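J.: Could you have a look at this structure, given as structure tokens, before my questions?
The values are calculated or read from the model by the stated rules, or taken from the named source; none is laboratory data. It should be emphasised that the depicted structure is a prediction, and the values quoted were computed from it without experimental measurement. All Cβ positions, glycine included, derive from the backbone under ideal geometry; neighbour counts span all protein chains shown.
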Amino acid sequence: MKSILSSKDLQNIKELGKPADFWEYFVKISKIPRDTRKEDQIREFIKNEAEKFGFQTEIDKIKNIAVKIPSTNKSLNKHTKIIIQSHMDMVCVKDDTVEHDFLKDPLNLQLFEIDNEKWITAKGTTLGADNGVGIAYQLTLMKKIHEKELNYEFTDITLLFTVSEEWSGEGAIFINKDLLKGDYLINLDSEREDIFTIGSAAILIHRVGIKMKRISLSENKTFLMPVKMSVKGLIGGHSGLDIHEGRANAIKILTQLLWKLNKKYNIYFNSFKGGSLETAISKNAEAILFIEIKCYSEIKNLLIELC
């Protein structure tokens, strides 16, 4: 894999293909923080672009935004109404070795060539193509209609941008129904241009509480020792797009190891942490526990055997 452009060279985005407006918008929105449930800045950018082109916008209580593009032919009483929808937020995950604040830092875009094909990526973080590609398409469509490069004289178009898709889907769940006045809705959250996706597997979020029995460390420190167990450096991925590829989940692996240890030895939890988002397959997980000093060698050998 050979880098052919640095992030500074992305001014020359025409090398990425046509239309150039799409890539210009993709680069622009990649500079705007848009973590899930924190879409204020990207929504303001969309609103300003729409109003710059003379289109009306509407924002509902949950903070979805709709851009209204009316048909240019007023001779008909009824026009086809099409809604084109994407979501404004992105999955925000970074490598442990990278310093990046998703609330204020722009993404560090890079262009690579792999097998004579050009690919754009972000250095050390998620790229946000889900759903930045959809946003960029909508903004490009809006601009080209304004500049009269495209003309939908018999069609009323609503460009709908929703919030919190990567967290709970609440933007779609609690949307103001008045934003959904259309004959057809086209969702731009699929990643391939030659495929229509019908339906969704959705998401289930479980919050589980466990009643813990606590012991005093000071009273037991003579026969207990601290141990840190970690699973790290896995591939990770999107919990929807990559789930069928059988990628390992660090939380599941570590939980299985701890379960097997707990069946044979007395272990005492201090902490457990892993993953970053419900919609990301966990790359890393870590547990701090205390074990009996006399069992250390046995536990170490068992872990070597299991791993």
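J.: Given the structure, is Ile59 more than 17 Å from Gly171 (Cα to Cα) and modelled with pLDDT of 95 or more?
T.: No.
J.: Another question about this same structure. Filter the range 183-208 for residues that are at pLDDT 90 or above and out of contact with any Asp or Glu (no Cβ under 8 Å at 6 or more places or on another chain) and give the result.
T.: Answer for the range 183-208, where residues must be at pLDDT 90 or above and out of contact with any Asp or Glu (no Cβ under 8 Å at 6 or more places or on another chain): Asp183, Tyr184, Leu185, Ile186, Asn187, Leu188.
J.: Looking at Asn301, Asn249, Asn284, which is the one that is surrounded by fewer than 17 Cβ atoms within 10 Å (Cβ to Cβ) and out of contact with any Asp or Glu (no Cβ under 6 Å at 6 or more places or on another chain)?
T.: Asn301
J.: Can I ask one more? Farther than 26 Å from Gln41 by Cβ, modelled with pLDDT of 90 or more and surrounded by fewer than 17 Cβ atoms within 10 Å (Cβ to Cβ): does that describe Asn151?
T.: When the stated conditions are applied, Asn151 passes them.
J.: In the range 254-307, which residues are of a type in the set (Val, Ile, Thr) and closer than 13 Å to Lys232 by Cα?
T.: Ile281
J.: Would you mind finding the one in Ile203, Ile210, Ile215 that is in a loop (DSSP other than H, G, I, E, B) and under 30 Å from Ile120 (Cβ atoms)?
T.: Exactly one of Ile203, Ile210, Ile215 is in a loop (DSSP other than H, G, I, E, B) and under 30 Å from Ile120 (Cβ atoms), namely Ile203.
J.: Only one residue in Leu258, Leu254 is farther than 27 Å from Gly124 by Cβ, surrounded by 14 or more Cβ atoms within 10 Å (Cβ to Cβ), at pLDDT 95 or above and outside the structural domain of Thr125 (by TED's automatic domain parsing), so which one is that?
T.: Leu258
Per-residue answers, yes or no, for (1) touching a residue at least 60 places away in the same chain (Cβ under 8 Å); (2) more than 30 Å from Gly182 (Cα to Cα); (3) part of a strand (DSSP E or B); (4) not assigned by TED's automatic domain parsing to the domain that holds Gly171:
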position	(1), (2), (3), (4)
Arg37	yes, no, no, no
Glu49	yes, no, no, no
Lys68	yes, no, yes, no
Ser75	no, no, no, no
Ile82	yes, no, yes, no
Gln85	yes, no, yes, no
Pro106	yes, yes, no, no
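J.: Scan Leu109, Leu16 and give me the residue that is within 30 Å of Gly233 (Cβ to Cβ), modelled with pLDDT under 95, aliphatic (A, V, I, L, M) and surrounded by 14 or more Cβ atoms within 10 Å (Cβ to Cβ).
T.: Result of the check over Leu109, Leu16: Leu109.
J.: Modelled with pLDDT of 95 or more, over 18 Å from the mean Cα position of the chain (by Cα) and of a type in the set (Val, Ile, Thr), is that true of Ile135?
T.: For Ile135, the condition - modelled with pLDDT of 95 or more, over 18 Å from the mean Cα position of the chain (by Cα) and of a type in the set (Val, Ile, Thr) - is not met.
J.: Right, here's the next one. Just the residues that are within 12 Å of Asn284 (Cβ to Cβ) and in contact (Cβ under 8 Å) with a residue 40 or more places away in the chain, please, taken from the range 230-272.
T.: Of everything in the range 230-272, those that are within 12 Å of Asn284 (Cβ to Cβ) and in contact (Cβ under 8 Å) with a residue 40 or more places away in the chain turn out to be Ser230, Val231, Lys232, Gly233, Leu234, Ile235, Gly236.
J.: Sticking with this structure for a sec: So if I check each of Leu127, Leu139, which one is in a helix (DSSP H, G or I), out of contact with any His (no Cβ under 9 Å at 6 or more places or on another chain) and closer than 27 Å to Asp105 by Cβ?
T.: Leu139
J.: Among the residues of the range 20-43, are any polar (S, T, N, Q) and loosely packed, with under 15 Cβ neighbours inside 10 Å?
T.: no
J.: If you scan the range 165-200, which residues turn out to be loosely packed, with under 13 Cβ neighbours inside 10 Å, assigned to a loop (DSSP other than H, G, I, E, B) and of a type in the set (Asp, Glu)?
T.: Asp183, Glu193, Asp194
J.: Show the residue pairs meeting these rules: Cβ distance below 9 Å; 6+ apart or different chains; first residue within the range 186-215 and on the phi > 0 side of the Ramachandran plot; second residue surrounded by 10 or more Cβ atoms within 10 Å (Cβ to Cβ).
T.: Ala202/Gly169
J.: I'm checking my understanding of the structure. Among residues of the range 223-278 that are of a type in the set (Asp, Glu) and in a loop (DSSP other than H, G, I, E, B), which one is nearest to Arg207 (Cα to Cα)?
T.: Once the filter is applied, the top-ranked residue is Glu278.
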